[in-house]
Amino acid sequence: MTLSGKTALVTGASRGLGGAIALALGAAGANVAVTDLLVESELPDKEQLGRYSVLAAHFAGSENVRTVSTAAEIKTMGRKSLAMKMDVTNPDQVQMVVAEIAAELGEVDILVNNAGVMDNMAALEHQNLTMFERDLKVNLTGAFNCIQAVWPYMKKSGWGRIINISSFVAVSGAFAQPGYGASKAGMIGLTRSLALEGAGHGITVNAVLPGFIETEAVQLHDPKMLDRIRARTPMKRLGKPKEISPLVVFLAGEDAGFITGAAIPVTGGADMFVF
Ligand code: NAP
C-alpha cells in the first residue's frame, strides 16, 4: 500500500493503458479519479465524435468504455474513486473536475497524463492542419492543461508526482504520424521543463515511453502490421498494459522521490536497432 492516503487523477482512463494504470494505482492504495471523454452513462453522437477521432467513434457506446466500472472496481479495493467525464483540451472543465476531485477524494497528489489520440496516420501530402493541430492539442496541450490545474495543490502541499505517458516514437520518429510523433516528443520537453520548476517544490515530473502495447486500440491495427511489429521487437511480442502500470506506480511513490525529468522506455527492446 505504498500510495495509501494519496489521491491520483488518470486521464483517458476508460480503457487501455489508462484503465490499467488507474486500477494499479488503486491496488497500491491510492484514491483514484478515473476520467475520460467517454463515460458509460452517456450516449455519444458517433458522427460528431468521428470528426474528432476515429477511435472515439469506434469505441463509443461499446463495452470497452469502462470509466464508471473501473471506478467501481477501485472502490471494491476499499479506496475512494470517482468516474468523471473530462476533456483534457477544455481547461475550464479540467479546472472544475480537479476542484471536484479535491472536494470528494482529496487534493490531487498524483497526475497521470495518459489521454491521447493516435489515429491520424497519413503521408505528409495527405495530412491536414486541423488533424495535426488536434494531435498537439490533445496529446501535448491536454497534458499542459491538467498539470496547470493540479500544480497549485501540489505546490501547496510540497509534494507531487506527474507522470506523462509519451511514447518511444518521441525519440524514434513515427512513420506517417507527424502530429503524433511531434506531440509525444513535445511531452518530453514539457516533462523536463516542469521537472526543473517542480524540483524546488517536491514535485517530480517524469515521462514513460511505451513501445507497442496490446491495448484495445492497438489491436485494431492490421494483423500484418502487428506481425511486423512483433518481428522487429527484440522480445518478439507486444507489451501488456500491466507491464506499463508498475513503473507508473513506482514513479508515483515516495521511493521515486529522486527521479525527475526522466524519460523511461518500456519497449521490449523495440527502441534499439535490430537487424
Ligand atoms: P486508447 O485506448 O486510445 O486510450 C487513449 C484514451 O485517451 C482513450 O480512452 C481516449 O478516449 C482518451 N482521450 C482521447 N482524447 C481525449 C480528450 N480530449 N480528453 C480526454 N480523454 C481523451 O490508447 P492506449 O493504447 O490505451 O494509449 C494510451 C496512451 O498511451 C496514449 O497517450 C498513447 O499515445 C500512449 N501510448 C500507447 C502505446 C500503445 O502501443 N498502446 C504506445 C505508446 C504510447 P476516447 O474513448 O474518446 O477515444
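Assorted remarks:
- Of residues in the range 1-16 being part of a loop (DSSP other than H, G, I, E, B), under 21 Å from N164 (Cα atoms) and not hydroxyl-bearing (S, T, Y), the one nearest to the ligand (Cβ to nearest atom): G12
- Residues in the range 24-41 that are hydrophobic (A, V, I, L, M, F, W, C) and within 12 Å of the ligand (Cβ to nearest atom): V34, L37, L38, V39.
- Residue check, I165 at pLDDT 95 or above and more than 9 Å from the ligand (Cβ to nearest atom): no
- Within the range 46-131, helices (runs of 4 or more DSSP H) holding 2 or more residues that are touching a residue at least 40 places away in the same chain (Cβ under 8 Å) and within 20 Å of the chain's Cα centre (by Cα): 54-59, 67-76, 91-104
- When G61, G19 are screened for being among the small types (G, A, S), open to solvent by 20 Å² or more (accessible area, probe 1.4 Å) and within 15 Å of the ligand (Cβ to nearest atom), only G61 passes.
- Annotation note: Cβ proximity below 8 Å between a residue of the range 198-217 that is touching a residue at least 60 places away in the same chain (Cβ under 8 Å) and within 29 Å of V65 (Cβ to Cβ) and a residue that is acidic (D, E) and in a loop (DSSP other than H, G, I, E, B) (sequence gap 6+ or interchain) occurs for L209/D271; G211/D271.
- V68 vs. criteria over 20 Å from V248 (Cα atoms) and either of a type in the set (K, R) or within 11 Å of the ligand (Cβ to nearest atom) (or both): no
- Restricting the range 87-144 to residues that are open to solvent by 30 Å² or more (accessible area, probe 1.4 Å) and closer than 25 Å to G29 by Cβ, the residue that is nearest to the ligand (Cβ to nearest atom): E100
The values are calculated or read from the model by the stated rules, or taken from the named source; none is laboratory data. As the structure is a computational prediction, the values presented were derived from the model and not from experiment. A quick note on method: Cβ atoms are made from the backbone with ideal geometry, for glycine too, and the neighbour counts reach across all protein chains shown. Surface accessibility is based on the protein's heavy atoms, side chains included, excluding ligands, DNA and RNA. Shrake-Rupley method; radii C 1.70, N 1.55, O 1.52, S 1.80 Å.
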